Each structure stands twice: as structure tokens, then as C-alpha cells.
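The values are calculated or read from the model by the stated rules, or taken from the named source; none is laboratory data. The structure displayed is predicted, hence computed values, not measured ones. Positions of Cβ are generated from backbone atoms using ideal geometry, with glycine treated the same way; all protein chains shown enter the neighbour counts.
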Amino acid sequence: MSLKYEYIEPGQRIRAYDFEPCEGRRDRYVEGLVIGHYTDVGSVLFLHIEVHVDTAFEKHPRQEVMVPVETLMDDLWVTERVSVI
């Protein structure tokens with residue numbers, strides 16, 4: 001069984017939402033370049049992102065973030081949480 005976003009490879013540019021976009025709330029997401037994959041101790045796969053746009057922390061944007069390849073919340077979202085741009 002494959003994970004929802006494991007097809008995304010280093011070198012691709014992505015947008016990853018912190019919360020599902022919805023009317024009346026400002027979108028919170030990061031955009032950036034995938035620089036690698038990372039697996040933590042619990043065997044959770046993450047995409048390691050070099051951040052170019054950070055709408056959650058505009059005054060002090062994060063330089064890098066780890067985006068989980070799949071979460072329990074993914075099944076509840078109508079839209080894609082992570083997309084290649």
C-alpha cells in the first residue's frame with residue numbers, strides 16, 4: 001500500500017496546507033522545494049521542504065519544514081493537502 005503523497009520527489013516545488021482552505025479563514029500553507037525525504041523513529045515519512053512562502057509566519061518565515069506524507073486528517077479533506085505546483 002502506498003502513501004498518499006509519496007510520489008513527490010526531491011527537486012519538485014509543492015504547496016502544503018496546514019489547515020483545509022475554507023471560506024472566512026485565511027489560507028495557511030507553505031510553498032517550497034522538496035530537498036529530501038525523512039523517516040522519523042515512528043516510521044512516519046516526511047517531505048523535507050526548503051520554504052519559499054510561509055503564510056502562517058509571514059514576519060518570521062520558517063526556513064525549512066517537515067511535511068508528513070500522509071495524516072489521518074487527509075481522509076477528511078475534500079481538497080488536496082499537498083500539491084505539486
task: Can you work out which of the residues in region 46-64 that are among the hydrophobic types (A, V, I, L, M, F, W, C) and in contact with a His (Cβ under 9 Å, 6 or more places away or on another chain) is surrounded by the most Cβ atoms within 10 Å (Cβ to Cβ)?
output: LEU47
- prompt: Take the residues of region 11-41 that are in contact (Cβ under 8 Å) with a residue 24 or more places away in the chain and of a type in the set (Ser, Thr, Tyr): which is nearest to MET66 (Cα to Cα)?
  reply: TYR38
statement: Inside region 1-44, the number of residues satisfying the requirement of being among the hydrophobic types (A, V, I, L, M, F, W, C), at pLDDT below 85 and over 17 Å from GLU80 (Cβ atoms) is 3
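Please determine, by comparing only the residues of region 67-85 that are aliphatic (A, V, I, L, M) and in contact with a Leu (Cβ under 7 Å, 6 or more places away or on another chain), which one is modelled with the lowest pLDDT. Spell out the reasoning first.
Going through region 67-85, the residues aliphatic (A, V, I, L, M) turn out to be 67, 69, 72-73, 76, 78, 82, 84-85.
Right, trim to in contact with a Leu (Cβ under 7 Å, 6 or more places away or on another chain) and you get 67, 69.
Working: VAL67: 86, VAL69: 76.
Out of the qualifying residues, it is VAL69.
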